[in-house]
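Colleague: I am attaching a structure below and will ask some questions about it afterwards.
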Amino acid sequence: MKTTLKKSGIILIGLVLSGITLEINHTFTQTVTKPKCKPWLVPEVEGTKKNPVKAGDEIDLRTGRTLWIQYCKSCHGLTGKGDGPKTGELETLCPDFSAKEFQSQTDGELFWKVTEGRKPMPSHKQKLTDDERWAVVSYTRTFRGAEIVK
């Protein structure tokens, strides 16, 4: 009995360590083998649009979070790090929305990207209203720090 328990314990430890190793290898492989997305240029007039959602509006941020979870999390991850469960299916790396490069974009630029989409990201102009897309843009601003709305 003790021998069986000991063998089971060793097997369990081996499986756990293998899982950790696989996760590390998966992350490393994804970072090394996948190229970054090509630059995504936004028409100048679109980039100057102003977000009608008031910064920090709790109701709109909650709406943005709900929509993020439904439409964006699978690729972009819960906190916008580009680590969603579907990233393995993508040909390019998913950008980190907490990074300065992302956060330096205007709300108008982000709204246009959410609206129009480009492969592999779908357009959301038929799925979400203008107000809902603006709420998602506002929610992505919470990724710049520890203020993520829960």
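Colleague: Among the residues in the range 4-23, are any at pLDDT 50 or above and within 22 Å of the chain's Cα centre (by Cα)?
Modeller: There is no residue in the range 4-23 that is at pLDDT 50 or above and within 22 Å of the chain's Cα centre (by Cα).
Colleague: Which helices (runs of 4 or more DSSP H) does the range 64-150 wholly contain that include 2 or more residues that are closer than 26 Å to residue 45 by Cα and aliphatic (A, V, I, L, M)?
Modeller: Helices (runs of 4 or more DSSP H) meeting the threshold: 107-116, 130-140.
Colleague: Shifting gears a bit: Got a number for residues in the range 42-56 being under 14 Å from residue 115 (Cα atoms) and charged (D, E, K, R)? So that I can check it myself, show each step before the final result.
Modeller: The first filter runs over the range 42-56 and keeps only residues under 14 Å from residue 115 (Cα atoms), leaving 42-43, 46-47, 49, 51.
Pick out the ones that are also charged (D, E, K, R) and you get 46, 49.
So the answer is 2.
Colleague: Looking only at the range 34-50, how many residues end up being open to solvent by 100 Å² or more (accessible area, probe 1.4 Å), assigned to a loop (DSSP other than H, G, I, E, B) and out of contact with any Leu (no Cβ under 6 Å at 6 or more places or on another chain)?
Modeller: Number satisfying all stated conditions: 4.
Colleague: Pairs, please: C-beta under 9 Å, at least 6 apart or cross-chain, first residue closer than 16 Å to residue 133 by Cβ and in the range 52-75, second of a type in the set (Lys, Arg) and open to solvent by 40 Å² or more (accessible area, probe 1.4 Å)?
Modeller: Once the first residue is closer than 16 Å to residue 133 by Cβ and sits in the range 52-75, its partners that are of a type in the set (Lys, Arg) and open to solvent by 40 Å² or more (accessible area, probe 1.4 Å) give 60/54; 65/150; 71/127.
Colleague: Also, I was wondering about something else. Between 142, 87, 129, 106, which is of a type in the set (Ser, Thr, Tyr), over 13 Å from residue 72 (Cα atoms) and either in contact with a strand residue (DSSP E or B) (Cβ under 7 Å, 6 or more places away or on another chain) or buried (at least 18 other Cβ atoms within 10 Å of the Cβ) (or both)? Steps first, please.
Modeller: Values: 87 fails: over 13 Å from residue 72 (Cα atoms); 129 fails: either in contact with a strand residue (DSSP E or B) (Cβ under 7 Å, 6 or more places away or on another chain) or buried (at least 18 other Cβ atoms within 10 Å of the Cβ) (or both); 106 fails: either in contact with a strand residue (DSSP E or B) (Cβ under 7 Å, 6 or more places away or on another chain) or buried (at least 18 other Cβ atoms within 10 Å of the Cβ) (or both).
Every option except 142 fails the conditions.
Colleague: Please name all residue pairs, on different chains or six or more residues apart, with Cβ atoms under 8 Å, provided the first residue is in the range 111-126 and is more than 18 Å from residue 139 (Cα to Cα) and touching a residue at least 40 places away in the same chain (Cβ under 8 Å) and the second residue is of a type in the set (Ser, Thr, Tyr) and surrounded by fewer than 16 Cβ atoms within 10 Å (Cβ to Cβ).
Modeller: Correct list of pairs: 120/92.
Colleague: A further question on this structure: Tell me the residue from 100, 113, 127 that is modelled with pLDDT under 95 and either among the aromatic types (Phe, Trp, Tyr) or more than 11 Å from the chain's Cα centre (by Cα) (or both), please.
Modeller: Answer to the selection: 100.
The values are calculated or read from the model by the stated rules, or taken from the named source; none is laboratory data. Just so we're clear, the structure is a prediction, and the values are computed from it rather than from any experiment. When we count neighbours, we look across all protein chains shown, and the Cβ atoms used for this are built from the backbone with ideal geometry, even at glycine. Just so you know, the surface numbers come from the protein's heavy atoms only, side chains and all, with ligands and any DNA or RNA stripped out. Shrake-Rupley method; radii C 1.70, N 1.55, O 1.52, S 1.80 Å.
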